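One structure below.
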Amino acid sequence: MPDFTDSVWTRPARPRTGQPTLSREQIVRAAIELLDAEGTAGLSMRRLGARLGSGATSLYWHVATKDDLLELAVDEVMGEVYVPEAGDAPWRVGVSVMADGMRSMLLRHPWVIGLLGVRPTIGPNVMRMSNRSVAVLSAAGFTGPILSHVHSLVTAHVIGATTTEAAVGAAVHRSGRSAAELRKSLEPFMEKAANEYPAYARWREESGVVEMEPERVWDQSFAFGLERILDGLELWLARNGTPATKEGETGS
């Protein structure tokens, strides 16, 4: 088990003499392709070397271990998340853009979810993202430990929502059938259970959720949860004597 504080980012890059045949960037991009296709279980130095047409020994000049490679890959995809500069938009818009971007990134790269918190996330892309997030929340009026709590609250919503959505998506993919087909196959059971669970059955019939495309349901659920979190944070700011937005601005 690796030491949590031992990070690829805290160690100097390994020197190498001669002209390298591969760059660290090439190795990381190829690793991400493997991870997207097969998850962390499908990534090994041997398989990565074969994908790059190079021996595993060549990879070790750039990346000492698989754990280091995973750290590099996580930071690389985190660079896909855009966070607006403080002052470019109302704080609610800035937070929403960050949350939506992080959700999209995690759904593109669901293997990241299981790696969050395993090793320090202190790479340059994560640090730039964190710096902008702190600036946006500071401009809104959050300070000290409260700012950290706010950021954790928003990211927890993102991670929680995408964990379930990605898991369902993976299960649907493994089944070889569409989500609509799987849902239809469960209908006989749900109809049979209606007498035992009448409130739930009545809600399913009246809400129309069953007939909606699953992607639309996920999108609406995520947006509803995020907006309610932002409503609560805006109310907290108002109650604690700090305006939620600058004069003349409105929330999203």
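The values are calculated or read from the model by the stated rules, or taken from the named source; none is laboratory data. The structure presented is a predicted model; accordingly, all values stated were derived computationally and were not measured. Heads up, the Cβs are rebuilt from the backbone with ideal geometry, glycines too, and the neighbour counts pull from every protein chain shown. When the accessible area is computed, the model is the full protein with side chains, heavy atoms only, and any ligands, DNA or RNA have been set aside. Shrake-Rupley method; radii C 1.70, N 1.55, O 1.52, S 1.80 Å.
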For the stretch 89-130: accessible area per residue (Å², 1.4 Å): 38
Extension reserve of the residue 210-residue 21 stretch, reckoned as 0.36 nm per residue once the Cα distance is removed: 62.7 nm
With every protein chain in place, the stretch 57-147: carbon and sulfur % of accessible area (1.4 Å): 58
Within the chain, helix-based [θ] at 222 nm, where runs of 4 or more DSSP H residues each add -39,500 (n - 2.57), nearest 500: -21000 deg cm²/dmol
Which labelled figure in [x] 0.94; [y] 0.99; [z] 1.05 is Rg/Rh (Cα atoms, Kirkwood Rh), once derived from the coordinates: [z]
Extension gain (nm, one decimal) between residue 85 and residue 37, 0.36 nm per residue minus Cα-Cα: 14.0 nm
GNM top mover of 155, 40, 164 - the chain, alpha-carbon springs below 10 Å: 164
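How many percent of the accessible area of the stretch 192-236 is carbon or sulfur, using a 1.4 Å probe?
Values: 1820 of 3300 Å².
Carbon and sulfur: 55 percent of the exposed surface of the stretch 192-236.
Between residue 219 and residue 149, 0.36 nm times their residue separation minus their Cα-Cα distance comes to what? Please report the intermediate quantities before stating the final value.
On the way: separation 70, 0.36 × 70 = 25.20 nm, distance 2.45 nm.
Stretched fully, the residue 219-residue 149 segment lengthens by 22.8 nm.
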Furthest towards positive pole of dipole, 121, 150, 97, structure part the chain, Cβ charges: 121
